[in-house]
Amino acid sequence: NAGVTQTPKFRILKIGQSMTLQCAQDMNHNYMYWYRQDPGMGLKLIYYSVGAGITDKGEVPNGYNVSRSTTEDFPLRLELAAPSQTSVYFCASSKGQFTGELFFGEGSRLTVL
Amino acid sequence: GQQLNQSPQSMFIQEGEDVSMNCTSSSIFNTWLWYKQDPGEGPVLLIALYKAGELTSNGRLTAQFGITRKDSFLNISASIPSDVGIYFCAGPRSNTGNQFYFGTGTSLTVIP
């Protein structure tokens, strides 16, 4: 059972470079999320989507963009990487709102130098 | 933004001891969730609470939804080495339920 798959697992970027973190889920979940995790800070919501074609900002959206062209995929785009975006990024999905059970990927560790 | 404060920030305990941690919010939550994150992995849901005053168990874990709806508690009995990890509380913004806020986490180390 694949669940939520994130790629890449590790990436080093130079300041100003762009990249896309990929996220795919095979559970037919409508809701998908991107979080970043900094040491001692918990998880902060970047963007979320309630279905294909619908996305919305979370707590910390600046410097990121997302798209949701299919139910399965929810890529996160960094246009101009900055050192402040060094973090571990987690993609998650859930069946519906209010249920609270988010299924997380294994994370993507990004370092911007 | 919404702040969920967890305490303690970290714990070092002997195997077999019981553990208690809590989570407080400045706002009312209608749902409280407890997740565990193993090293190098994404968080996994342990317990979900949907009603003020609710007490729910999952094996050696017991969680309670505070009656004020601004706090929640997680207890682990007879800790074992595999309990090591970071424990997060989480809850949805009440008006939409689409955005889940996570607490700052409690890091647990179990000494064999």
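The table below lists the values:
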{"item": "Partners for A:K9 among lysines (Cα-Cα distance below 26 Å; same-chain residues under 8 apart left out)", "result": "A:K44, A:K57, A:K95, B:K36"}
{"item": "Label-to-label distance, nm, for residues given as A:N30 and B:I111 (7 Å Cα→Cβ offset)", "result": "5.0 nm"}
{"item": "Net charge of neighbours whose Cβ lies under 12 Å from the Cβ of B:L61, counting Lys and Arg as +1 and Asp and Glu as -1", "result": "0"}
{"item": "Sum of side-chain charges, A:T111 neighbourhood, beta-carbon under 15 Å (Lys, Arg +1; Asp, Glu -1)", "result": "+4"}
{"item": "Ordering of B:49-62, A:26-39 by packing [mean C-beta count within 10 Å, highest first]", "result": "A:26-39, B:49-62"}
{"item": "Net charge of Cβ neighbours under 11 Å - reference A:Q37; Lys, Arg +1; Asp, Glu -1", "result": "+2"}
{"item": "Rounded to whole Hz, the Karplus (6.51, -1.76, 1.60) HN-Hα couplings of the stretch A:42-56, x for glycine and proline", "result": "x, 10, 10, 6, 8, 9, 9, 9, 9, x, 4, x, 10, 9, 8"}
{"item": "Per-residue HN-Hα couplings for the stretch B:49-58 [Karplus 6.51, -1.76, 1.60; θ = phi - 60°; Hz; x = Gly/Pro]", "result": "10, 10, 9, 4, x, 5, 10, 10, 10, 9"}
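Coordinate-derived values only; no laboratory data. The shown structure was predicted, so the numbers you read here are calculated from the model rather than taken from an experiment. Note that we place each Cβ from the backbone using ideal geometry, even for glycine, and neighbour counts take in every protein chain shown.
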